[in-house]
Amino acid sequence: MSNQPQGNPGDIINWPMLKIVYRTDPDKIAALLPPGIEPGADPHVNLTIYNFPVPDEPEYGIVTSVNANYNGVAGEYTLGYGIDQESAIFISQETNGQPKYPCTTEYFRLGPSVSARCIHQGYTFVEFKGVSKGENIPKDEYEQHEWWIKVSRATGVSANPDAGYDFPPHVVHVRSKYGTAWQEEVEGELVLRDSPWDPLASRLPMREQISAHLWWPIFLDREIKLAGKLDPEGFMPFADTISGSRWPGSNGGPKRG
């Protein structure tokens, strides 16, 4: 236990991320991927719940992604970053296509107990309670590939649905390299609750919980760049999304009907 991450008392820089992986149905993932992005080898949904200084104040959030490949590279297609810092939402969308939207996250650890809850528009859509085993799980350095979408519908598109795009859909490749300072397995239960704003329970139902762990990352490298174009016509059904996420929606809100 002496090698656990240390820091100033109350300093959030050493707050671990809670990472949860579960298995869903392959066809459910395929339905959420725009043409040009393919399902990954495993039909896994990846949830990361965190509290981290961005840039210098606490940001609570939840990242939702699914295993997916682009141009033969295995990675994760990100459906949303639900965060509690409004100042970071719009600029992240504009510059990099990062799918951020407003969300309230309650996440804490008390001794071995780990608790998390995520709420958006009054709906609690994710809950987790567990107990950490407290022992380090060594992990080698690794690279993660994440896929975002940068796109801008045409000005006046609401009056002319055939207007197209001011900036057609492009894939954004986020390549990150991490080390691991410490990692602990967590025995617990993930609960997905129905929500029209974050429809994990209906669009990505859980068939099996694969893993849960606390992770203290070492940030080694990150590169964000455009990786290629998607077919504009094929992407059009994916252009309407919920809030700032990539969940299919209608005029920026939940899908109705």
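Just so it is clear, none of the values below were taken in a lab; they were calculated from the coordinates. Fair warning: this is a prediction, and the values are worked out from it, not measured in the lab. Cβ placement follows ideal geometry from the backbone for every residue including glycine, while neighbour counts extend to all protein chains displayed.
Given contacts defined as C-alpha pairs under 8 Å and at least six residues apart, what's the relative contact order of region 1-51, whole-number percent?
Numbers: 46 pairs, mean separation 22.8, N = 51.
Averaging sequence separation for qualifying contacts and normalising by length gives 45 percent for region 1-51.
Placing +1 on the Cβ of each Lys and Arg and -1 on the Cβ of each Asp and Glu in the chain, which of 33, 108, 144 has its Cα farthest towards the positive end of the resulting dipole?
Of the listed residues, the answer is 33.
Decide, for region 27-148, between rounded, prolate and oblate: order the square roots of the alpha carbon gyration tensor eigenvalues as a ≥ b ≥ c, take rounded if a/c falls under 1.5, and otherwise choose prolate if a/b is larger than b/c, else oblate.
On the way: a/c = 1.64, a/b = 1.23, b/c = 1.33.
It is oblate, given that a/c is not under 1.5 and a/b is not larger than b/c.
Quick query: amide H of residue 68 versus all other amide H atoms, modeled in the peptide plane; which residues come in under 5 Å with a sequence gap of 5 or more or a different chain?
Counting only residues 5 or more places away or on other chains, the set is 40, 75, 76, 77.
If we count every other residue with Cβ under 11 angstrom of residue 51's Cβ, Lys/Arg +1 and Asp/Glu -1, where does the sum land? Spell out each step's value before the answer.
Details: positive: 109; negative: 57, 59, 84, 106.
Within the 11 Å Cβ shell, the charges total -3.
What fraction of the Cα pairs in region 90-161, stated in percent, has a spacing above 20 angstrom? Mind showing how you got there, number by number?
On the way: 1648 of 2556 pairs.
The proportion of pairs with Cα distances above 20 Å equals 64 percent.
Mean residue ellipticity at 222 nm from the helices of the chain, using -39,500 (n - 2.57) per DSSP H segment of n ≥ 4 over the full residue count, to the nearest 500 deg cm²/dmol? Walk me through the numbers on the way to the answer.
On the way: 4 runs with 26 residues, N = 257.
Taking each H run of at least 4 residues, the total per residue is -2500 deg cm²/dmol.
What is the angle, in °, between the Cα long axis of helix 86-96 and the longest principal axis of the Cα atoms in the chain? Nearest 10 is fine, range 0 to 90.
That works out to roughly 60 degrees.
Spin-label point model (7 Å from Cα, Cβ direction): what's the residue 57 to residue 154 distance in nm?
In this crude spin-label approximation the distance works out to 4.0 nm.
So, with +1 on the Cβ of K and R and -1 on the Cβ of D and E, and no other charges, what is the size of the charge dipole of region 89-225 about its Cα centre, to the nearest 20 debye? Walk me through the numbers before you get to the answer.
Working: 15 positive and 19 negative charges, 51 e Å.
It comes to approximately 240 debye.
Using modelled backbone amide H atoms (1.01 Å from N, in-plane), which distant-in-sequence or interchain residues come within less than 5 Å of residue 152's amide H?
Counting only residues 5 or more places away or on other chains, the set is 166, 167.
Would you mind computing Rg(Cα) / (2.2 N^0.38 Å) for the chain, counting N as its residues? Walk me through the numbers before you get to the answer.
Values: Rg = 18.3 Å, N = 257, 2.2 N^0.38 = 18.1 Å.
That ratio works out to 1.01.
Could you name the lysines in cross-link range of residue 129, using Cα to Cα under 27 Å and dropping any fewer than eight places away on the same chain?
19, 28, 100, 139
Using a Gaussian network model on the chain with a 10 Å cutoff between Cα atoms, which of 99, 112, 196 fluctuates the most?
Highest fluctuation of the listed residues: 112.
Which of these, 188, 72, 82, has the largest mean-square fluctuation under a Gaussian network model of the chain (Cα springs below 10 Å)?
72
What FRET efficiency, computed as 1/(1 + (r/R0)^6) with R0 = 41 Å and r the Cβ-Cβ distance, is obtained for residue 71 and residue 94, rounded to the nearest 0.05?
Working: r = 25 Å, r/R0 = 0.60.
Using R0 = 41 Å, I get an efficiency of 0.95.
For every other residue with a beta carbon closer than 15 angstrom to the beta carbon of residue 141, add +1 if it is Lys or Arg and -1 if Asp or Glu, then tell me the sum. Walk me through the intermediate numbers first.
Numbers: positive: 139, 175, 177, 222; negative: 140, 143, 221.
So the environment of residue 141 carries a net charge of +1.
With a Cα-only, solvent-free Debye model of region 94-209, what are the log10 I(q)/I(0) values at q = 0.23 Å⁻¹?
Once normalised to I(0) and log-transformed, intensities are -1.22.
Which of the lysines could be linked to residue 229 by a straight reach, that is with a Cα gap under 20 Å, when you skip same-chain ones fewer than 8 residues away?
Straight-line reach from residue 229, under 20 Å: 150.
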